[in-house]
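Down below is the structure, laid out as structure tokens.
The values are calculated or read from the model by the stated rules, or taken from the named source; none is laboratory data. Treat the numbers as computed from the prediction; the structure is a model and nothing was measured. Reconstructed Cβ throughout: ideal geometry from the backbone, glycine too, with neighbour counts over all protein chains shown.
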Amino acid sequence: MTLTVALESPLGPDLDLLFARHVEAMHSDTPPESIHMLPREDLAVPGIDFLVLRDGQGTAVAMGAIKRIDATHAELKSMHVLAERRGEGLSRAMLSALVAQARTRGFARLSLETGVQDSFRAARALYAGWGFTECGPFQGYGPDPNSLFMTLAL
């Protein structure tokens, strides 16, 4: 399977399906006060690197972003893979590209917030398999019973 990953604008029209599915998934079983995703427009600002994973036909099948917190710390945001394409290794490929991007940018730490609900079980396992470990809330977050915070030293 041929895959490409590149920095792109999150405002590209062919990303509508990815964003619609991401929003739907976040709202499916997470209380509104515990949804911490950024609006699409807020991902198109300096300090955020937005990556898109495309298949061999050029179809956007996954996305994710790295948001700068400070000179040494970044946050993983808005990682999503189309549900019908899960099980193909795309989540691992997307996470690998995001971690590589964080390293390229010189960050020493990459952190994330994810849900505690069963629908996030696969994501939590993916992150743990990459070496992310649980941590407390980091910049911009407070305690939230619906959130799990994880971090990775790069």
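Checking residue 2 against (1) under 23 Å from residue 120 (Cα atoms); (2) of a type in the set (Ser, Thr, Tyr); (3) loosely packed, with under 15 Cβ neighbours inside 10 Å: exactly one of these is not met. Which one? It fails just one condition, (1). The conditions of being in contact (Cβ under 8 Å) with a residue 40 or more places away in the chain, under 13 Å from residue 60 (Cβ atoms) and surrounded by 11 or more Cβ atoms within 10 Å (Cβ to Cβ) are met by residue 14.
Within the set 64, 47, the sole residue that is touching a strand residue (DSSP E or B) at 6+ places or on another chain (Cβ under 8 Å), crowded, with 16+ Cβ neighbours inside 10 Å and small (Gly, Ala, Ser) turns out to be 64.
Mind counting the residues in region 98-110 that are under 18 Å from residue 46 (Cα atoms) and surrounded by fewer than 17 Cβ atoms within 10 Å (Cβ to Cβ)? Final tally of qualifying residues: 4.
Checked against (1) modelled with pLDDT of 95 or more; (2) touching a Leu at 6+ places or on another chain (Cβ under 7 Å), residue 69 passes all but condition (2). The lone criterion from (1) in contact (Cβ under 8 Å) with a residue 60 or more places away in the chain; (2) more than 22 Å from residue 146 (Cα to Cα); (3) not polar (S, T, N, Q) left unmet by residue 113 is number (2). When you go through 37, 63 one by one, which is the residue that is within 21 Å of residue 140 (Cβ to Cβ) and in a loop (DSSP other than H, G, I, E, B)? Selected residue: 37, the only one of 37, 63 that is within 21 Å of residue 140 (Cβ to Cβ) and in a loop (DSSP other than H, G, I, E, B). Looking only at residues of region 67-97 that are part of a strand (DSSP E or B) and of a type in the set (D, E, K, R), we find that the one that is surrounded by the most Cβ atoms within 10 Å (Cβ to Cβ) is 75.
Of all residues in region 77-126, those satisfying the criterion of being within 11 Å of the chain's Cα centre (by Cα) and under 16 Å from residue 25 (Cβ atoms) are 77, 78, 79, 80, 81, 91, 94, 112, 113, 114, 123.
Taken together, the residues in region 71-88 that are in contact (Cβ under 8 Å) with a residue 60 or more places away in the chain and either under 13 Å from residue 1 (Cβ atoms) or acidic (Asp, Glu) (or both) amount to 2.
Only a single item in (1) exposed (fewer than 14 other Cβ atoms within 10 Å of the Cβ); (2) within 26 Å of residue 24 (Cβ to Cβ); (3) touching a residue at least 60 places away in the same chain (Cβ under 8 Å) is not met by residue 139, and it is number (2).
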